[in-house]
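The values are calculated or read from the model by the stated rules, or taken from the named source; none is laboratory data. Keep in mind it's a predicted model, so treat the numbers as computed, not measured. So basically every Cβ, Gly included, is an ideal-geometry build from the backbone, and we count neighbours across all protein chains shown. To get the accessible areas, we keep the full protein, side chains included, count just its heavy atoms, and leave off ligands, DNA and RNA. Shrake-Rupley method; radii C 1.70, N 1.55, O 1.52, S 1.80 Å.
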Amino acid sequence: MKKLISVFMSVAMLLTMAAGMTFTANADTLKSGDFSYEVLADGNVKITKYEGKDAKVEIPTAIEGKAVTELGDYAFGDCRELDEVTVPKTVNKIGNGVFYIILPNDDLKHVDVYYGGNKIDWVRMANNTDLYACTIHYAEKTAVDDFAFDITEENEIDIFRYEGTDSVVTIPESANGLKVAKISRLMSSKIKKVIIGESISQIEEFLAFRECYNLESIEVSKDNAKYASSNGVLFNKKKSKLIAYPQNKKIKSYKIPEAVTSIGRFAFAKCNYTSSVTISKNVKNINSSAFNCCTAIKSIKVSDSNKYFSSKDGVLFNKKQTKLIAYPSGKTGKTYTVPKTVKTIGVAFSGCKNLKNIKIPKSVKLIVREDEFRNFGECNIKKVYYGGSKSDWSKIKKQYTTMGKTVTKKYGKTELKNIINGAKIYYNAKV
(Lines give C-alpha, C1' and ligand atoms only; values in the text may rest on other atoms or scores of the structure.)
Protein backbone atom coordinates (compact mmCIF):
# COMPACT_ATOMS: atom_id res chain seq x y z
CA MET A 1 0.00 0.00 0.00
CA LYS A 2 2.87 2.40 0.85
CA LYS A 3 4.51 1.66 -2.49
CA LEU A 4 1.26 2.46 -4.31
CA ILE A 5 0.92 5.81 -2.45
CA SER A 6 4.55 6.61 -3.32
CA VAL A 7 3.87 5.99 -7.02
CA PHE A 8 0.83 8.28 -6.97
CA MET A 9 2.84 11.03 -5.26
CA SER A 10 5.62 10.75 -7.84
CA VAL A 11 3.14 11.06 -10.73
CA ALA A 12 1.53 14.08 -9.04
CA MET A 13 4.94 15.78 -8.67
CA LEU A 14 5.74 15.17 -12.37
CA LEU A 15 2.40 16.65 -13.46
CA THR A 16 3.01 19.71 -11.24
CA MET A 17 6.45 20.21 -12.74
CA ALA A 18 5.08 19.76 -16.27
CA ALA A 19 2.50 22.47 -15.71
CA GLY A 20 5.26 25.05 -15.43
CA MET A 21 7.17 23.88 -18.50
CA THR A 22 6.96 25.03 -22.13
CA PHE A 23 7.48 22.21 -24.62
CA THR A 24 8.95 22.71 -28.11
CA ALA A 25 7.29 20.65 -30.90
CA ASN A 26 10.58 20.11 -32.67
CA ALA A 27 13.83 20.86 -30.89
CA ASP A 28 15.76 20.89 -34.21
CA THR A 29 13.74 23.72 -35.81
CA LEU A 30 15.94 26.71 -36.65
CA LYS A 31 15.27 30.20 -38.02
CA SER A 32 16.75 32.18 -40.89
CA GLY A 33 14.87 35.38 -41.60
CA ASP A 34 11.26 34.46 -42.32
CA PHE A 35 12.10 30.80 -42.86
CA SER A 36 11.92 28.03 -40.27
CA TYR A 37 14.04 25.04 -41.22
CA GLU A 38 15.57 21.77 -40.14
CA VAL A 39 18.96 20.29 -40.91
CA LEU A 40 18.49 16.85 -42.45
CA ALA A 41 20.58 13.76 -41.78
CA ASP A 42 22.49 14.32 -45.03
CA GLY A 43 23.47 17.82 -43.91
CA ASN A 44 21.07 19.63 -46.26
CA VAL A 45 18.17 21.88 -45.30
CA LYS A 46 14.41 21.35 -45.24
CA ILE A 47 12.29 24.50 -45.03
CA THR A 48 9.35 23.74 -42.76
CA LYS A 49 7.59 27.11 -42.64
CA TYR A 50 7.57 30.55 -44.23
CA GLU A 51 6.27 33.16 -41.80
CA GLY A 52 6.67 36.36 -43.80
CA LYS A 53 4.04 38.52 -45.52
CA ASP A 54 5.72 39.21 -48.85
CA ALA A 55 3.85 38.85 -52.14
CA LYS A 56 7.02 37.65 -53.88
CA VAL A 57 9.28 35.16 -52.16
CA GLU A 58 12.59 33.71 -53.31
CA ILE A 59 13.57 30.50 -51.58
CA PRO A 60 17.33 30.53 -51.01
CA THR A 61 19.57 27.91 -52.58
CA ALA A 62 21.38 27.53 -49.26
CA ILE A 63 21.10 28.50 -45.58
CA GLU A 64 24.24 28.72 -43.46
CA GLY A 65 26.18 27.07 -46.27
CA LYS A 66 23.81 24.10 -46.42
CA ALA A 67 21.84 23.42 -49.62
CA VAL A 68 18.06 23.80 -49.46
CA THR A 69 16.74 20.51 -50.87
CA GLU A 70 13.27 20.08 -49.34
CA LEU A 71 10.07 22.03 -48.75
CA GLY A 72 7.93 20.66 -45.94
CA ASP A 73 4.20 19.93 -45.86
CA TYR A 74 2.08 23.11 -46.05
CA ALA A 75 5.20 25.26 -45.68
CA PHE A 76 3.43 28.24 -47.28
CA GLY A 77 -0.08 27.29 -46.18
CA ASP A 78 -0.67 30.49 -44.16
CA CYS A 79 0.73 32.91 -46.76
CA ARG A 80 -2.42 34.57 -48.11
CA GLU A 81 -0.39 37.50 -49.46
CA LEU A 82 1.79 35.24 -51.62
CA ASP A 83 1.56 35.76 -55.40
CA GLU A 84 4.90 34.47 -56.67
CA VAL A 85 7.54 32.13 -55.33
CA THR A 86 10.89 31.15 -56.81
CA VAL A 87 12.02 27.58 -56.11
CA PRO A 88 15.72 26.88 -56.75
CA LYS A 89 16.94 23.87 -58.69
CA THR A 90 18.58 22.57 -55.51
CA VAL A 91 15.14 21.54 -54.21
CA ASN A 92 14.45 17.88 -55.01
CA LYS A 93 11.54 17.09 -52.69
CA ILE A 94 8.26 18.91 -52.07
CA GLY A 95 5.84 18.07 -49.29
CA ASN A 96 2.09 17.79 -49.57
CA GLY A 97 0.12 21.03 -49.96
CA VAL A 98 3.24 23.17 -49.89
CA PHE A 99 1.44 26.05 -51.69
CA TYR A 100 -2.08 25.04 -50.66
CA ILE A 101 -3.41 28.37 -49.43
CA ILE A 102 -7.09 28.77 -48.52
CA LEU A 103 -8.51 32.31 -48.63
CA PRO A 104 -11.20 33.62 -46.23
CA ASN A 105 -13.92 32.90 -48.84
CA ASP A 106 -12.68 29.27 -49.00
CA ASP A 107 -11.22 29.73 -52.50
CA LEU A 108 -7.71 28.50 -53.19
CA LYS A 109 -5.08 31.18 -53.63
CA HIS A 110 -3.42 31.19 -57.07
CA VAL A 111 0.38 31.18 -56.93
CA ASP A 112 2.91 31.51 -59.76
CA VAL A 113 5.81 29.17 -59.08
CA TYR A 114 9.11 29.81 -60.87
CA TYR A 115 11.25 26.70 -60.75
CA GLY A 116 14.94 26.80 -61.59
CA GLY A 117 14.96 23.34 -63.19
CA ASN A 118 12.84 21.59 -65.85
CA LYS A 119 9.38 20.06 -65.95
CA ILE A 120 10.60 16.47 -65.67
CA ASP A 121 12.51 17.18 -62.46
CA TRP A 122 9.48 19.04 -61.09
CA VAL A 123 7.04 16.21 -61.86
CA ARG A 124 9.41 13.68 -60.33
CA MET A 125 9.54 15.53 -57.00
CA ALA A 126 6.00 16.96 -56.95
CA ASN A 127 3.98 13.81 -57.68
CA ASN A 128 0.79 13.58 -55.58
CA THR A 129 1.29 17.11 -54.23
CA ASP A 130 -1.66 19.52 -54.05
CA LEU A 131 -0.67 22.17 -56.61
CA TYR A 132 -4.07 22.66 -58.24
CA ALA A 133 -4.08 26.47 -57.92
CA CYS A 134 -0.48 26.92 -59.04
CA THR A 135 0.99 27.82 -62.41
CA ILE A 136 4.48 26.38 -62.75
CA HIS A 137 7.10 28.17 -64.87
CA TYR A 138 10.29 26.34 -65.80
CA ALA A 139 13.73 27.84 -66.37
CA GLU A 140 14.83 24.89 -68.51
CA LYS A 141 13.05 23.48 -71.58
CA THR A 142 12.25 19.84 -72.43
CA ALA A 143 10.50 18.02 -75.28
CA VAL A 144 7.41 17.39 -73.13
CA ASP A 145 6.71 20.92 -71.89
CA ASP A 146 3.37 20.99 -73.77
CA PHE A 147 2.14 17.88 -71.96
CA ALA A 148 1.03 16.95 -68.48
CA PHE A 149 2.50 13.62 -67.50
CA ASP A 150 3.49 11.20 -64.77
CA ILE A 151 6.74 9.32 -64.39
CA THR A 152 6.11 5.60 -63.99
CA GLU A 153 7.85 3.09 -61.76
CA GLU A 154 9.76 2.01 -64.86
CA ASN A 155 11.14 5.58 -65.11
CA GLU A 156 9.16 6.26 -68.29
CA ILE A 157 6.83 9.10 -69.21
CA ASP A 158 3.05 8.58 -69.22
CA ILE A 159 1.20 11.46 -70.92
CA PHE A 160 -2.25 12.33 -69.56
CA ARG A 161 -3.01 15.73 -71.11
CA TYR A 162 -1.96 17.96 -73.99
CA GLU A 163 -1.62 21.57 -72.84
CA GLY A 164 -0.40 23.20 -76.03
CA THR A 165 -2.31 25.00 -78.77
CA ASP A 166 -1.20 23.23 -81.96
CA SER A 167 -3.70 21.32 -84.10
CA VAL A 168 -1.05 18.87 -85.31
CA VAL A 169 0.68 17.23 -82.35
CA THR A 170 3.70 14.94 -82.48
CA ILE A 171 4.24 12.79 -79.40
CA PRO A 172 7.95 13.06 -78.51
CA GLU A 173 10.00 9.87 -78.41
CA SER A 174 11.91 10.86 -75.29
CA ALA A 175 12.79 13.76 -73.05
CA ASN A 176 15.95 14.24 -70.98
CA GLY A 177 16.82 10.58 -71.31
CA LEU A 178 13.36 9.27 -70.38
CA LYS A 179 11.33 7.25 -72.84
CA VAL A 180 7.82 8.52 -73.64
CA ALA A 181 6.08 5.14 -73.43
CA LYS A 182 2.39 5.65 -72.68
CA ILE A 183 -0.56 7.81 -73.69
CA SER A 184 -3.25 7.65 -71.04
CA ARG A 185 -5.15 10.70 -72.28
CA LEU A 186 -4.63 13.75 -74.46
CA MET A 187 -7.76 15.64 -73.35
CA SER A 188 -7.64 18.39 -75.97
CA SER A 189 -10.25 19.60 -78.43
CA LYS A 190 -7.55 21.56 -80.27
CA ILE A 191 -5.91 18.48 -81.78
CA LYS A 192 -6.83 17.56 -85.35
CA LYS A 193 -3.96 15.20 -86.04
CA VAL A 194 -1.73 13.25 -83.67
CA ILE A 195 1.54 11.64 -84.76
CA ILE A 196 2.79 8.72 -82.66
CA GLY A 197 6.40 7.57 -82.87
CA GLU A 198 8.03 4.22 -82.21
CA SER A 199 8.49 4.71 -78.46
CA ILE A 200 4.81 4.39 -77.47
CA SER A 201 4.05 0.91 -76.14
CA GLN A 202 0.70 1.56 -74.43
CA ILE A 203 -2.35 3.60 -75.45
CA GLU A 204 -5.44 3.59 -73.23
CA GLU A 205 -8.40 2.51 -75.33
CA PHE A 206 -10.97 5.31 -75.70
CA LEU A 207 -9.58 7.35 -72.80
CA ALA A 208 -6.52 8.37 -74.82
CA PHE A 209 -8.59 10.34 -77.34
CA ARG A 210 -11.86 10.78 -75.46
CA GLU A 211 -11.92 14.59 -75.32
CA CYS A 212 -10.35 15.00 -78.77
CA TYR A 213 -13.62 16.01 -80.44
CA ASN A 214 -11.91 17.55 -83.47
CA LEU A 215 -9.45 14.72 -84.09
CA GLU A 216 -9.38 13.77 -87.78
CA SER A 217 -6.35 11.53 -88.04
CA ILE A 218 -4.04 9.29 -85.99
CA GLU A 219 -0.70 8.54 -87.63
CA VAL A 220 1.70 5.91 -86.28
CA SER A 221 5.35 5.37 -87.18
CA LYS A 222 6.04 2.22 -89.16
CA ASP A 223 8.76 1.47 -86.62
CA ASN A 224 6.32 1.22 -83.71
CA ALA A 225 6.30 -2.37 -82.41
CA LYS A 226 2.73 -2.38 -80.97
CA TYR A 227 0.58 -0.04 -83.06
CA ALA A 228 -0.15 0.85 -86.66
CA SER A 229 -2.42 3.19 -88.57
CA SER A 230 -4.23 3.14 -91.88
CA ASN A 231 -6.07 6.09 -93.38
CA GLY A 232 -5.84 7.89 -90.05
CA VAL A 233 -7.38 5.06 -87.99
CA LEU A 234 -5.51 3.38 -85.08
CA PHE A 235 -4.93 -0.40 -85.08
CA ASN A 236 -2.74 -2.91 -83.32
CA LYS A 237 0.49 -3.78 -85.14
CA LYS A 238 -1.05 -6.62 -87.17
CA LYS A 239 -4.05 -4.43 -88.03
CA SER A 240 -6.30 -7.20 -86.80
CA LYS A 241 -7.86 -4.98 -84.11
CA LEU A 242 -9.39 -1.56 -84.70
CA ILE A 243 -8.58 0.46 -81.57
CA ALA A 244 -9.63 4.06 -82.24
CA TYR A 245 -11.55 5.79 -85.01
CA PRO A 246 -10.98 9.59 -84.89
CA GLN A 247 -14.13 11.34 -83.72
CA ASN A 248 -14.08 13.98 -86.45
CA LYS A 249 -12.69 11.95 -89.35
CA LYS A 250 -13.86 13.74 -92.48
CA ILE A 251 -15.49 10.90 -94.42
CA LYS A 252 -19.18 10.04 -94.49
CA SER A 253 -18.81 6.29 -94.95
CA TYR A 254 -16.17 3.91 -93.58
CA LYS A 255 -15.62 0.24 -94.38
CA ILE A 256 -13.60 -1.71 -91.84
CA PRO A 257 -10.58 -3.36 -93.54
CA GLU A 258 -10.75 -7.09 -94.31
CA ALA A 259 -7.79 -7.85 -92.03
CA VAL A 260 -9.71 -6.71 -88.94
CA THR A 261 -11.12 -9.45 -86.70
CA SER A 262 -11.80 -7.37 -83.58
CA ILE A 263 -13.25 -3.94 -82.79
CA GLY A 264 -12.06 -2.51 -79.48
CA ARG A 265 -13.74 -0.88 -76.52
CA PHE A 266 -15.29 2.50 -77.45
CA ALA A 267 -13.52 2.32 -80.84
CA PHE A 268 -16.16 4.52 -82.54
CA ALA A 269 -17.40 6.32 -79.42
CA LYS A 270 -18.30 10.01 -79.83
CA CYS A 271 -17.91 9.75 -83.62
CA ASN A 272 -19.41 13.05 -84.80
CA TYR A 273 -18.93 13.14 -88.60
CA THR A 274 -19.01 9.69 -90.24
CA SER A 275 -22.61 8.56 -90.76
CA SER A 276 -22.19 4.97 -91.97
CA VAL A 277 -19.90 2.10 -90.97
CA THR A 278 -19.66 -1.26 -92.75
CA ILE A 279 -18.34 -4.27 -90.85
CA SER A 280 -16.34 -6.62 -93.05
CA LYS A 281 -16.68 -10.38 -93.27
CA ASN A 282 -13.76 -11.32 -90.97
CA VAL A 283 -14.82 -9.38 -87.85
CA LYS A 284 -15.72 -11.85 -85.12
CA ASN A 285 -15.35 -9.79 -81.91
CA ILE A 286 -17.02 -6.44 -81.26
CA ASN A 287 -16.73 -4.89 -77.81
CA SER A 288 -20.13 -4.16 -76.28
CA SER A 289 -19.31 -0.43 -76.09
CA ALA A 290 -17.66 -0.08 -79.50
CA PHE A 291 -20.39 2.19 -80.93
CA ASN A 292 -21.54 4.03 -77.79
CA CYS A 293 -22.62 7.67 -78.26
CA CYS A 294 -21.73 7.79 -81.97
CA THR A 295 -23.79 10.90 -82.54
CA ALA A 296 -23.30 11.03 -86.32
CA ILE A 297 -23.58 7.34 -87.22
CA LYS A 298 -27.00 6.57 -88.68
CA SER A 299 -26.33 3.10 -90.05
CA ILE A 300 -24.15 0.11 -89.20
CA LYS A 301 -23.97 -2.36 -92.06
CA VAL A 302 -22.53 -5.88 -92.01
CA SER A 303 -21.13 -7.95 -94.85
CA ASP A 304 -23.48 -10.83 -95.76
CA SER A 305 -20.44 -13.10 -95.57
CA ASN A 306 -19.83 -12.35 -91.89
CA LYS A 307 -20.47 -15.46 -89.76
CA TYR A 308 -20.88 -13.68 -86.44
CA PHE A 309 -22.85 -10.47 -86.99
CA SER A 310 -25.73 -9.08 -89.00
CA SER A 311 -27.66 -5.85 -89.38
CA LYS A 312 -31.25 -4.90 -89.94
CA ASP A 313 -32.38 -1.38 -90.77
CA GLY A 314 -28.90 -0.15 -89.88
CA VAL A 315 -28.97 -1.74 -86.39
CA LEU A 316 -26.24 -4.18 -85.33
CA PHE A 317 -27.08 -7.70 -84.07
CA ASN A 318 -25.35 -11.01 -83.60
CA LYS A 319 -25.80 -13.38 -86.55
CA LYS A 320 -29.02 -14.99 -85.27
CA GLN A 321 -30.36 -11.62 -84.15
CA THR A 322 -30.94 -12.85 -80.61
CA LYS A 323 -28.78 -10.02 -79.25
CA LEU A 324 -29.16 -6.35 -80.13
CA ILE A 325 -25.61 -4.97 -79.98
CA ALA A 326 -25.74 -1.36 -81.19
CA TYR A 327 -28.47 1.07 -82.22
CA PRO A 328 -26.75 3.97 -84.05
CA SER A 329 -27.03 7.15 -81.98
CA GLY A 330 -27.52 9.26 -85.10
CA LYS A 331 -30.60 7.42 -86.39
CA THR A 332 -33.39 9.91 -86.91
CA GLY A 333 -36.43 7.73 -86.19
CA LYS A 334 -38.45 8.57 -83.08
CA THR A 335 -39.78 5.03 -82.52
CA TYR A 336 -37.94 1.71 -82.67
CA THR A 337 -39.35 -1.80 -82.36
CA VAL A 338 -36.93 -4.41 -81.06
CA PRO A 339 -37.32 -7.60 -83.17
CA LYS A 340 -39.07 -10.52 -81.46
CA THR A 341 -36.01 -12.72 -82.02
CA VAL A 342 -34.04 -10.64 -79.49
CA LYS A 343 -33.38 -12.11 -76.04
CA THR A 344 -30.58 -9.78 -74.94
CA ILE A 345 -30.18 -6.03 -75.35
CA GLY A 346 -26.52 -5.02 -75.10
CA VAL A 347 -25.19 -1.55 -74.28
CA ALA A 348 -26.98 -0.55 -77.44
CA PHE A 349 -28.88 2.70 -76.96
CA SER A 350 -26.39 5.01 -75.25
CA GLY A 351 -26.63 8.53 -76.66
CA CYS A 352 -29.71 7.94 -78.84
CA LYS A 353 -31.19 11.41 -78.33
CA ASN A 354 -33.59 11.25 -81.30
CA LEU A 355 -35.35 8.14 -80.00
CA LYS A 356 -38.56 8.91 -78.07
CA ASN A 357 -40.34 5.56 -77.96
CA ILE A 358 -39.11 1.98 -77.81
CA LYS A 359 -41.06 -1.25 -78.17
CA ILE A 360 -39.57 -4.24 -76.36
CA PRO A 361 -40.93 -7.76 -76.91
CA LYS A 362 -41.53 -10.26 -74.13
CA SER A 363 -38.68 -12.34 -75.56
CA VAL A 364 -36.11 -9.98 -73.97
CA LYS A 365 -34.75 -11.56 -70.78
CA LEU A 366 -31.51 -9.65 -70.25
CA ILE A 367 -30.44 -5.99 -70.52
CA VAL A 368 -26.69 -5.40 -70.31
CA ARG A 369 -25.25 -2.29 -68.67
CA GLU A 370 -21.78 -0.84 -68.29
CA ASP A 371 -20.30 1.19 -65.45
CA GLU A 372 -19.84 4.41 -67.43
CA PHE A 373 -22.20 4.14 -70.41
CA ARG A 374 -25.57 2.92 -69.22
CA ASN A 375 -27.65 1.17 -71.82
CA PHE A 376 -30.01 4.09 -72.26
CA GLY A 377 -27.67 6.84 -71.01
CA GLU A 378 -28.04 10.28 -72.63
CA CYS A 379 -31.32 9.18 -74.23
CA ASN A 380 -34.64 11.03 -74.48
CA ILE A 381 -36.91 7.99 -74.41
CA LYS A 382 -40.29 8.91 -72.93
CA LYS A 383 -42.35 5.77 -73.49
CA VAL A 384 -41.58 2.05 -73.34
CA TYR A 385 -44.08 -0.42 -74.82
CA TYR A 386 -43.43 -3.87 -73.39
CA GLY A 387 -44.99 -7.01 -74.81
CA GLY A 388 -45.25 -8.83 -71.48
CA SER A 389 -46.86 -8.21 -68.12
CA LYS A 390 -45.49 -6.14 -65.25
CA SER A 391 -44.48 -9.40 -63.59
CA ASP A 392 -42.58 -10.45 -66.73
CA TRP A 393 -40.82 -7.08 -66.81
CA SER A 394 -39.65 -7.48 -63.21
CA LYS A 395 -37.95 -10.76 -64.12
CA ILE A 396 -35.62 -9.17 -66.69
CA LYS A 397 -32.01 -9.52 -65.52
CA LYS A 398 -29.02 -7.22 -65.79
CA GLN A 399 -25.46 -8.09 -66.73
CA TYR A 400 -22.33 -6.06 -66.04
CA THR A 401 -18.62 -6.48 -65.53
CA THR A 402 -16.88 -5.76 -62.25
CA MET A 403 -13.32 -6.57 -61.19
CA GLY A 404 -12.87 -8.42 -64.49
CA LYS A 405 -15.85 -10.71 -63.84
CA THR A 406 -19.22 -10.80 -65.60
CA VAL A 407 -22.15 -10.66 -63.18
CA THR A 408 -25.78 -11.53 -64.04
CA LYS A 409 -28.60 -10.87 -61.56
CA LYS A 410 -32.04 -9.30 -61.17
CA TYR A 411 -32.58 -5.56 -61.30
CA GLY A 412 -33.80 -3.79 -58.19
CA LYS A 413 -37.47 -2.74 -57.92
CA THR A 414 -36.92 0.77 -59.31
CA GLU A 415 -33.62 0.13 -61.09
CA LEU A 416 -35.13 -1.38 -64.24
CA LYS A 417 -37.39 1.61 -64.74
CA ASN A 418 -34.60 4.08 -64.06
CA ILE A 419 -32.29 2.45 -66.58
CA ILE A 420 -34.61 3.92 -69.24
CA ASN A 421 -34.43 7.28 -67.48
CA GLY A 422 -37.79 7.05 -65.79
CA ALA A 423 -39.73 6.57 -69.04
CA LYS A 424 -43.38 5.55 -68.70
CA ILE A 425 -43.81 1.81 -69.25
CA TYR A 426 -46.90 0.35 -70.91
CA TYR A 427 -47.32 -3.37 -70.21
CA ASN A 428 -49.00 -6.03 -72.39
CA ALA A 429 -48.51 -3.75 -75.39
CA LYS A 430 -48.70 -4.90 -79.01
CA VAL A 431 -45.16 -5.02 -80.25
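Key figures for this structure:
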{"read-out": "Unpartnered cysteines - no second Cys beta carbon under 4.7 Å - across the chain", "value": "CYS79, CYS134, CYS212, CYS293, CYS352, CYS379"}
{"read-out": "Where HIS137, HIS110 fall by accessible area, highest first, once all protein chains stay in place (1.4 Å)", "value": "HIS110, HIS137"}
{"read-out": "All Cα pairs of segment 125-212, percent lying beyond 15 Å", "value": "60"}
{"read-out": "For the chain, with +1 on Lys and Arg beta carbons and -1 on Asp and Glu, the positive-most of ASN306, SER275, GLY43 along the dipole", "value": "ASN306"}
{"read-out": "Burial ranking of peptide ranges 50-63, 320-333, 262-275 (average Cβ count within 10 Å, highest at the top)", "value": "262-275, 320-333, 50-63"}
{"read-out": "Charge context of GLY333, other residues only, Cβ under 11 angstrom, K/R +1, D/E -1", "value": "+3"}
{"read-out": "Most to least accessible of TYR336, TYR114 (protein chains only, probe 1.4 Å)", "value": "TYR114, TYR336"}
{"read-out": "From the C-alpha gyration tensor of segment 213-284, square roots of 5λ in Å", "value": "18, 16, 10"}
{"read-out": "Estimated translational D of the chain in µm²/s (Stokes, Kirkwood radius over Cα pairs; 25 °C; 0.890 mPa s)", "value": "94"}
{"read-out": "Reach of LYS46 by Cα under 12 Å, taken over aspartates and glutamates that are not fewer than 8 positions away in the same chain", "value": "ASP28, GLU38, GLU70, ASP73"}
{"read-out": "With all protein chains modelled, accessible area of VAL113 [1.4 Å, Å²]", "value": "0"}
{"read-out": "Convex hull of segment 279-383 built on C-alpha atoms - directionally averaged projected area, nm²", "value": "6.0"}
{"read-out": "Rounded accessible area of ASP73 (nearest 10 Å², 1.4 Å probe)", "value": "100"}
{"read-out": "222 nm mean residue ellipticity, helices alone, for the chain (DSSP H n ≥ 4; -39,500 (n - 2.57); rounded to 500)", "value": "-2500 deg cm²/dmol"}
{"read-out": "Per residue solvent-accessible surface (Å²) - the chain, probe of 1.4 Å", "value": "51"}
{"read-out": "Solvent-accessible area, 1.4 Å probe, carbon plus sulfur percent, for segment 78-131", "value": "43"}
{"read-out": "Cα extents of segment 247-308 along the three principal axes, largest first (Å)", "value": "29, 20, 17"}
{"read-out": "Accessible carbon and sulfur surface of segment 156-225 relative to its total accessible area, %, 1.4 Å", "value": "42"}
{"read-out": "Derived scalar couplings ³J(HN,Hα) [segment 334-344; Karplus, 6.51 cos²θ - 1.76 cosθ + 1.60; whole Hz; x for Gly, Pro]", "value": "8, 10, 9, 9, 5, x, 6, 6, 6, 10, 10"}
